[in-house]
1. Return the residues of the stretch 43-61 that are crowded, with 19+ Cβ neighbours inside 10 Å and assigned to a helix (DSSP H, G or I); say none if nothing qualifies.
2. Can you tell me which residue among 135, 143, 103 is touching a helix residue (DSSP H, G or I) at 6+ places or on another chain (Cβ under 8 Å), without any contact (Cβ under 8 Å) to a residue 24 or more places away in the chain and not assigned by TED's automatic domain parsing to the domain that holds residue 241?
3. Out of (1) at pLDDT below 90; (2) assigned to a strand (DSSP E or B), what's the single condition that is false for residue 237?
4. Find the strands (runs of 3 or more DSSP E) located wholly in the stretch 74-181 whose residues include 1 or more that are buried (at least 16 other Cβ atoms within 10 Å of the Cβ) and under 20 Å from the mean Cα position of the chain (by Cα), and list them.
5. For the stretch 35-73, which positions are within 38 Å of the chain's Cα centre (by Cα) and of a type in the set (Val, Ile, Thr)?
6. Please determine whether any residue of the stretch 330-350 is more than 22 Å from residue 267 (Cα to Cα), surrounded by 14 or more Cβ atoms within 10 Å (Cβ to Cβ) and modelled with pLDDT under 60.
7. So which pairs qualify, if the first residue must be in the stretch 109-120 and closer than 18 Å to residue 197 by Cα, the second must be modelled with pLDDT of 95 or more and basic (Lys, Arg), the Cβ gap must be under 7 Å, and the two must be at least 6 apart or on different chains?
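The values are calculated or read from the model by the stated rules, or taken from the named source; none is laboratory data. These numbers were taken from a predicted model, which means no experiment stands behind them. Neighbour counts are summed over all protein chains in view; Cβ atoms, including those assigned to glycine, are modelled from backbone coordinates with ideal geometry.
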Amino acid sequence: MRLAHAWALEALKRLHKAEENDSEQKFVSEKTDEAEILELLAKTKRHLGDLKGANQTYAELVALRPDVRNYTKSYLDFQLENIFSEYSTVDLTEEHEPLPANLLHTDEFTRYKHTCNGLLKQTPSEERDLRCGYLTETHPFLLIAPIKAEELNHDPLLVVYYDVVTDAEIEQMKTLSNDYIVRARVMGYNKSVVSPVRTSQFVFLPKQSHPLLRAIDVRAGHMSDLNMDFAEDHQFQNYGIGGHYGQHYDAFDAKLERLISNRELGNRIATLLFYLTDVEQGGGTAFPYLKRLLMPKKGAAAFWYNLHADGVRDLRTLHGGCPIIVGSKWGKLKALTFHQKLMFFSSSHQCSIVGSASLIRAIGDLASCGSTVDNAFKDLPWLCCIFMFKYYIYEMGLLSCLF
């Protein structure tokens with residue numbers, strides 16, 4: 001809200017400057033109304049507790065436009081609301097709120113905000129074991145067309161693949177979606193609703209609508225090594241200046257499972273997010289609990305798991321789209337689901353950048369059942385340990401990672 005106050009002051013300053021310049025005055029007066037700026041300024045001061053400043057700005061507004069009843073009514077409502085209050089003054093010269101003493105001990109929104117601005121990030125020691133390289137093991141085709149991959153987190157897995165869509169494909173996908181794109185909505189109780197948390201446009205297109213989308217599905221299967229038969233339709237998104245998507249989860253909460261309209265599709269095991277444009281400033285994808293900020297890179301795609309191995313939502317995958325400051329952002333999201341509550345890790349999954357991270361995840365989950373990895377078998381019934389070992393090593397295809 002302090003930033004809104006600063007923007008209103010700057011707009012007022014530029015408007016007055018344009019009025020002094022005859023060449024700019026006509027153009028600006030057609031685009032901007034001083035009364036609108038004063039109304040916004042009064043509202044921000046009122047919200048921030050600067051009652052004396054709000055009263056003064058409301059008085060200026062009513063004096064400027066006494067003919068507008070809404071302005072007069074807002075001023076009277078403000079006076080009635082604070083009739084017994086002392087008109088206090090707040091110093092609003094600082095555009096930003098003071099930083100918390102410890103960013104790690106803050107609420108979700110504060111973490112999201114400071115991940116977007118780059119203040120909350122991983123330390124060099126946390127990044128030490130992360131690697132980059134070529135992905136070749138998830139499908140035979142990748143032996144002749146390997147994919148550049150960069151690990152950004154191991155547990156939960158977060159990977160970025162580079163140069164996975166061409167400029168020509170991107171332009172074609174934009175053309176396909178342009179005629180159908182509408183204001184984005186979020187999932188409510190048994191229906192989607194418009195929300196100020198998500199200020200963007202989007203559209204869902206099935207893969208059957210164009211051969212390119214079917215080709216992208218095949219490519220997504222190569223990258224993720226997951227079955228694409230039950231993946232959701234392709235979701236195209238466009239964010240303009242100020243467009244954002246606040247912190248959220250892609251997977252549904254198990255407790256709200258009864259609210260999912262298409263239960264036969266199951267939950268969203270993973271997400272594959274394609275970046276179709278570069279963004280001059282802002283527009284990153286922030287993961288507050290992973291302390292990661294992914295900046296849009298045209299042609300790249302980010303992949304992450306939304307669920308634990310047992311199908312429970314992984315709370316560490318909280319993420320959000322940061323506001324666009326300069327430019328615009330196009331993205332394509334592919335939500336990968338599992339059918340009838342069964343995960344579908346491919347049996348051909350081999351040891352790779354993704355496979356190694358999955359093995360680390362498997363060992364971590366096994367260790368969490370006991371005090372340490374060494375004590376896990378001692379603390380658990382043998383049958384349980386054998387079942388878990390079989391699931392991770394055979395069902396997830398990680399046998400080659402042990403040798």
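1. Pass one, the stretch 43-61, residues crowded, with 19+ Cβ neighbours inside 10 Å: 43-46, 50-51, 53-54, 57-58, 61.
Listed by number, the residues that qualify are 43, 44, 45, 46, 51, 53, 54, 57, 58, 61.
2. Working: 135 fails: without any contact (Cβ under 8 Å) to a residue 24 or more places away in the chain; 143 fails: touching a helix residue (DSSP H, G or I) at 6+ places or on another chain (Cβ under 8 Å).
None of the others qualify; the one that does is 103.
3. With (1) at pLDDT below 90; (2) assigned to a strand (DSSP E or B) applied to residue 237, the lone miss is (1).
4. Working: elements: 132-135, 147-153, 158-162.
Here the list reads 147-153, 158-162.
5. The answer is 37, 44, 57.
6. Within the stretch 330-350, the subset more than 22 Å from residue 267 (Cα to Cα) is 330, 348, 350.
Within this subset, residues satisfying the condition of being surrounded by 14 or more Cβ atoms within 10 Å (Cβ to Cβ) are 330, 350.
Now narrow it down to the ones that are modelled with pLDDT under 60: 350.
Within the stretch 330-350 (the criterion being more than 22 Å from residue 267 (Cα to Cα), surrounded by 14 or more Cβ atoms within 10 Å (Cβ to Cβ) and modelled with pLDDT under 60), the answer is yes, since at least one residue qualifies.
7. 115/291
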